[in-house]
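Notes follow the structure.
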């Protein structure tokens with residue numbers, strides 16, 4: 001086995017290991033450098049196929065480095081300053097649509113799910129189709145308050161009851 005083949009295999013193993021291990025890109029950088037180095041060594045060898053393999057390995061190494069650069073940049077940007085919200089934390093602040101009259105209890109549609117809902121305080125009834133904002137989650141019930149635009153639209157007819 002020629003030396004450039006062994007280096008190329010080790011470089012590919014490093015690139016594959018980067019996919020599985022949280023190394024922050026160190027293995028990908030070493031793998032790309034290894035591919036370029038194996039290509040340079042192949043170009044210097046006497047084999048007939050080594051000339052083609054050398055150019056291909058250098059190209060693969062450069063493409064791996066460019067791909068690593070852009071993918072790593074996107075991964076870092078995705079994780080920078082992002083607060084993870086799951087479960088009920090994710091629902092608080094979301095906007096839902098009333099699927100029944102809320103006076104004070106009813107149902108709302110939020111993220112593809114029908115939820116039991118209760119109005120905050122004495123904010124008055126909310127009609128079918130109005131938008132509400134989730135203020136809290138108590139068990140499986142959303143505590144909601146009318147969105148300002150929907151409250152202003154329906155406030156003249158709500159005053160008489």
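Given the options 160, 87, 93, name the one that is modelled with pLDDT of 75 or more and either outside the structural domain of residue 23 (by TED's automatic domain parsing) or surrounded by fewer than 15 Cβ atoms within 10 Å (Cβ to Cβ) (or both).
Result of the check over 160, 87, 93: 93.
Quick check: anything in region 75-91 under 30 Å from residue 137 (Cα atoms) and touching a residue at least 12 places away in the same chain (Cβ under 8 Å)?
Looking only at region 75-91, we keep the residues that are under 30 Å from residue 137 (Cα atoms), and these are 78-91.
With the extra rule that they be touching a residue at least 12 places away in the same chain (Cβ under 8 Å), the set shrinks to 88, 91.
For region 75-91, residues under 30 Å from residue 137 (Cα atoms) and touching a residue at least 12 places away in the same chain (Cβ under 8 Å): present.
Looking at (1) touching a helix residue (DSSP H, G or I) at 6+ places or on another chain (Cβ under 9 Å); (2) over 30 Å from residue 115 (Cα atoms); (3) surrounded by 12 or more Cβ atoms within 10 Å (Cβ to Cβ), find the lone condition where residue 19 falls short.
Of everything listed in (1) touching a helix residue (DSSP H, G or I) at 6+ places or on another chain (Cβ under 9 Å); (2) over 30 Å from residue 115 (Cα atoms); (3) surrounded by 12 or more Cβ atoms within 10 Å (Cβ to Cβ), residue 19 misses just condition (3).
What number of residues in region 15-26 are more than 14 Å from residue 67 (Cβ to Cβ) and assigned to a helix (DSSP H, G or I)?
Of region 15-26, the ones more than 14 Å from residue 67 (Cβ to Cβ) are 17, 20-24, 26.
Restricting the remaining residues to those that are assigned to a helix (DSSP H, G or I) gives 17, 20, 26.
Residues that pass the stated criteria total 3.
Based on what the data block shows, is residue 72 more than 23 Å from residue 19 (Cβ to Cβ) and either in the same structural domain as residue 12 (by TED's automatic domain parsing) or outside any helix (DSSP H, G or I) (or both)? Give the steps one after another, and end with the answer.
Working: more than 23 Å from residue 19 (Cβ to Cβ): no; either in the same structural domain as residue 12 (by TED's automatic domain parsing) or outside any helix (DSSP H, G or I) (or both): yes.
The answer is no for residue 72.
Among residues belonging to region 45-61 that are out of contact with any helix residue (DSSP H, G or I) (no Cβ under 8 Å at 6 or more places or on another chain) and assigned to a helix (DSSP H, G or I), point out the one that is surrounded by the most Cβ atoms within 10 Å (Cβ to Cβ).
Ranking the candidates gives 52 first.
Exactly one condition in (1) touching a helix residue (DSSP H, G or I) at 6+ places or on another chain (Cβ under 9 Å); (2) under 30 Å from residue 31 (Cα atoms) is not met by residue 70; state its number.
For residue 70, the exception is condition (1).
The values are calculated or read from the model by the stated rules, or taken from the named source; none is laboratory data. If you're wondering where the values come from, they're calculated on a predicted model, not measured in any experiment. Glycine gets a Cβ as well: all are built from the backbone with ideal geometry, and neighbour counts include every protein chain shown.
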